[in-house]
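A.B. asks: One structure, as structure tokens, below. Some questions next.
The values are calculated or read from the model by the stated rules, or taken from the named source; none is laboratory data. Everything quoted here is computed from the prediction, not taken from an experiment. No Cβ is skipped: glycine too gets one built from the backbone with ideal geometry, and neighbour counts run over all protein chains shown. The protein model used for the area step is the full one, side chains on, heavy atoms only, and it has no ligands, DNA or RNA in it. Shrake-Rupley method; radii C 1.70, N 1.55, O 1.52, S 1.80 Å.
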Amino acid sequence: MALPDNAISLPVKELAFPEIIELNVGGQVYITRYSTLTSVPDSLLWEMFSQKSTESLARDTKGRYFVDRDGFLFRYILDYMRDQQLVLPDHFPERGRLQREAEFFNLPELVKLLAPKLSKQNSLGDEGCQSDPEEPSPGADFARSVGAVACSSDGKCSGFITIGYRGSYTLGRDSQTDAKFRRVARIMVCGKTSLAKEVFGETLNESRDPDRPPERYTARYYLKFTFLEQAFDRLADAGFHMAACNSTGTCAFAHEQTDDKIWASYTEYVFYRE
């Protein structure tokens, strides 16, 4: 039916935000719906995207809304806001950090779901596990039964530490390698937590496994420096001796014009202290 000429049309209320929103969270880009970001009332994201104006929100160089938080953990925040359920991988190692993110985004129900739960024995169950479990050493039960402690009078205990690194080198014609054949991006440290901290101290980066108890083992530490000799010096000063080493290499790239081949390698050194 046609409207009369003197009919008054009501203004249409325009939303300040589009239905599809792009976010930059700590350098990670996320694309989601406006309804997802405002699904939890009184949360930080609800407050940000319920405003009538977008002028107060920070943006990156490409116009995305910027949030200065952990971009990798935000995926679990966003998953929770979609259906208010928590689904994490088995043996999730960063539960404590995710709980801190949930507190920042003002998601109290998610904080409760992430809180460590006590088992019937009044101990932390699997829900409170902060890192991957590992099997105890075969002789641990025997050592406890006889009261054996493999430590010296100055408190230094025996054990193994493995140093590993991935490197690359270029092999040219006539089997000549370039001067910078060893390129080390990161030196990994595997072994008992207490031994690794004793040997490397403040030069040890624990960010990938921050809550590992001293009596447990880890394969997630790495060093803040990239000089193998510096790591060897520290191990020698602590009384460790090299027990074994191994290395593997694969041709990752071959240059069509120069016949130069770039090889990728992985090398491990095993150290032991009596």
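A.B. asks: Just give me the residues in the stretch 213-228 being part of a strand (DSSP E or B) and open to solvent by 60 Å² or more (accessible area, probe 1.4 Å), in sequence order. Before the answer, list the steps.
C.D. replies: We begin by selecting, within the stretch 213-228, every residue part of a strand (DSSP E or B); these are 217-223.
Answer for the stretch 213-228, where residues must be part of a strand (DSSP E or B) and open to solvent by 60 Å² or more (accessible area, probe 1.4 Å): Tyr217, Ala219.
A.B. asks: Among the residues of the stretch 189-200, count how many are within 23 Å of Gly96 (Cβ to Cβ) and open to solvent by 30 Å² or more (accessible area, probe 1.4 Å).
C.D. replies: Qualifying residue count for the region: 4.
A.B. asks: Could I ask something else about it? Restricting the stretch 41-67 to residues that are of a type in the set (Val, Ile, Thr) and part of a loop (DSSP other than H, G, I, E, B), which is most open to solvent (accessible area, probe 1.4 Å)?
C.D. replies: By that ranking, first place goes to Thr61.
A.B. asks: Inspect the stretch 114-128 for any residue being at pLDDT 70 or above, more than 30 Å from Gly239 (Cα to Cα), part of a helix (DSSP H, G or I) and not basic (Lys, Arg) and give the result as yes or no. If you could, list the steps in order and put the result at the bottom.
C.D. replies: So the first thing to find is which residues in the stretch 114-128 are at pLDDT 70 or above, and the list is 114-116.
Checking the rest, the ones that are also more than 30 Å from Gly239 (Cα to Cα) come to 114-116.
Pick out the ones that are also part of a helix (DSSP H, G or I) and you get 114.
Right, trim to not basic (Lys, Arg) and you get 114.
Within the stretch 114-128, one or more residues are at pLDDT 70 or above, more than 30 Å from Gly239 (Cα to Cα), part of a helix (DSSP H, G or I) and not basic (Lys, Arg).
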